[in-house]
Amino acid sequence: MKSKASIAAIITTVVGLALGITAVQAEDPLKAPTEPITIDGKKPVQFDHAVHQELGLDCAECHHDGEHTPRTAENIAALSDSEVLQCATCHNEEFANPELRDRKTVFHANCRECHQEGVNGKKGPTKCSDCHVKKARKAIEGC
């Protein structure tokens, strides 16, 4: 009787540990890419999250939800799908505001203003070729 109880306890522990490990692995928080990304499109754009974070920019400068509530790093880490962070998830032909349907318009409005005005005393590149690249290295769709 004791051996059956011991075996049951061992099996329960092993299964519990396996489920716990799987749950922890499934809940890895989303983080900003460590390498520069290329945002795919007609004229691909290279973007480096690390450079922008070093300037002290917050994730919410670019990332927000459908109600335009800024997303913090904690909000983003809690997401189960990074696809909702891609601009074209909302900014597309179905977006309520026709002026914000075109992602080029959205990007140019947000990025140009920051690059021209600067952040913490540093201005960003302003020539088209500074951000737009001829060949996409790592492309992500829809942003």
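In whole Hz, what ³J(HN,Hα) sequence does segment 29-35 give by Karplus (6.51, -1.76, 1.60; θ = phi - 60°), x for Gly and Pro?
x, 6, 9, 5, x, 7, 9
Show me, for segment 58-67, the HN-Hα J-couplings you get by feeding each phi into the Karplus relation (A = 6.51, B = -1.76, C = 1.60, θ = phi - 60°), rounded to Hz, glycine and proline as x.
Computed from phi, the couplings for segment 58-67 are 8, 3, 5, 4, 10, 9, 8, 8, x, 9 Hz.
Where does the charge balance sit around L55 when Lys and Arg score +1, Asp and Glu -1, over other residues with C-beta under 15 Å from its C-beta?
-4
Can you report the principal axis dimensions of segment 37-140 using only the alpha carbons, biggest first, rounded to whole angstrom?
In descending order, the Cα extents are 31, 30, 27 Å.
Any read-out appearing in this document is the output of simple, stated calculations on the displayed coordinates, not a laboratory observation. Here the structure is a predicted model, which is why all the values come from computation and not from measurement. All Cβ positions, glycine included, derive from the backbone under ideal geometry; neighbour counts span all protein chains shown.
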